[in-house]
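Working notes, structure below.
Every number in this text was worked out from the coordinates using simple rules, so none of it is lab data. What you see is a predicted model; the values in this text were computed from it and never measured. Cβ placement follows ideal geometry from the backbone for every residue including glycine, while neighbour counts extend to all protein chains displayed.
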Amino acid sequence: QQQVKQSPQSLIVQKGGISIINCAYENTAFDYFPWYQQFPGKGPALLIAIRPDVSEKKEGRFTISFNKSAKQFSLHIMDSQPGDSATYFCAASIVTTGFQKLVFGTGTRLLVSP
Amino acid sequence: NAGVTQTPKFQVLKTGQSMTLQCAQDMNHEYMSWYRQDPGMGLRLIHYSVGAGITDQGEVPNGYNVSRSTTEDFPLRLLSAAPSQTSVYFCASSYSPGTPSSGNTIYFGEGSWLTVV
């Protein structure tokens with residue numbers, strides 16, 4: 001079954017702290033794992049993504065950790081800032097019938113307190 | 001460069017009414033899609049298109065109709081609106097079916113909030 005489970009549903013972190021969001025998937029055919037950031041009233045925007053043959057990817061304060069054997073991946077936001085307050089979605093990608101289909105997690109609402 | 005433009009931003013419909021959500025992109029992208037976002041369920045794929053004249057169903061296509069007569073436009077039609085279709089709808093487009101590792105990015109519009117009463 002194509003499903004991506006995401007936790008926690010909401011998260012409150014103090015400014016300067018580390019935010020951690022976890023996701024798990026079932027379908028081993030997924031070939032890419034992006035994270036999207038969504039601000040209120042806006043559409044999701046690609047934040048960072050990782051291939052399943054890589055265990056970690058870092059871009060600035062954002063890091064994805066990927067555990068292929070456990071079928072789990074997580075987003076770490078270092079030195080969290082109030083501007084990071086948004087909803088974060090993990091996703092898993094699979095290309096079928098010539099189209100990249102995204103299966104999204106249920107989202108995590110992050111609030112970074114000043 | 002406007003990117004992906006969705007109209008209307010907000011709409012209230014009565015049960016049984018029909019309407020069309022418009023989506024246009026100015027990036028010459030072949031690949032376009034519609035997602036709906038519901039609380040606690042993330043985004044789910046409704047329909048997608050890999051080019052003008054070619055459409056296919058996604059995960060939750062029932063109650064929706066699409067067509068792709070031009071590269072730029074991909075409208076989503078609700079044939080007979082139901083309260084279960086109350087949702088936020090996002091249109092997305094990309095240059096290719098590839099992943100970000102190949103330089104491809106999926107761009108989302110800002111959403112259309114639909115309420116069916």
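Structure summary
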read-out: Partner chain coverage, peptide B:41-53 - average Cβ within 10 angstrom; value: 4
read-out: Length released on extending from B:THR86 to B:ASN62, taking residue separation times 0.36 nm less the Cα-Cα span; value: 7.3 nm
read-out: Cα gyration tensor shape of segment A:31-114, rounded if a/c is under 1.5, else prolate or oblate by comparing a/b with b/c; value: oblate
read-out: Cross-link reach list, lysines versus A:LYS68, counting only Cα pairs under 16 Å and skipping chain neighbours closer than eight places; value: A:LYS5, A:LYS57
read-out: Inter-probe distance in nm under a simple model that places probes 7 Å from Cα toward Cβ, at A:LEU46 and A:ILE18; value: 2.7 nm
read-out: Separation of the B:TRP113 and A:SER65 label points, Cα + 7 Å toward Cβ, nm; value: 3.7 nm
read-out: Computed over chain B: relative contact order in percent, which uses C-alpha pairs under 8 Å that are six or more apart; value: 35 percent
read-out: Counted charge near B:LYS9, where neighbours are those whose Cβ lies closer than 14 Å (Asp, Glu -1; Lys, Arg +1); value: 0
read-out: Residue-averaged beta-carbon neighbours from other chains (10 angstrom radius) around A:24-32; value: 1
read-out: Cβ-placed point charges (K, R +1; D, E -1), dipole of segment B:30-117 about Cα centre in debye, nearest 20; value: 160 debye
read-out: Electrostatic dipole magnitude of the protein assembly as shown [Cβ: Lys, Arg +1; Asp, Glu -1; Cα centre; debye, to 20]; value: 440 debye
read-out: Average other protein chain Cβ within 10 Å of Cβ, residues A:93-105; value: 6
read-out: Dipole of chain A, positive end: most advanced residue of A:GLN9, A:PRO34, A:ILE94 [Cβ charges, Cα centre]; value: A:GLN9
read-out: Label-point separation, B:SER102 to B:THR71 (7 Å along Cα→Cβ), nm; value: 1.8 nm
read-out: Partners for A:LYS42 among aspartates and glutamates (Cα-Cα distance below 13 Å; same-chain residues under 8 apart left out); value: B:GLU110
read-out: Dipole magnitude of segment A:59-114 about its Cα centre (Cβ charges: Lys, Arg +1; Asp, Glu -1), debye to nearest 20; value: 260 debye
read-out: Cα centroid of segment A:80-102 to Cα centroid of segment A:1-38, whole Å; value: 9 Å
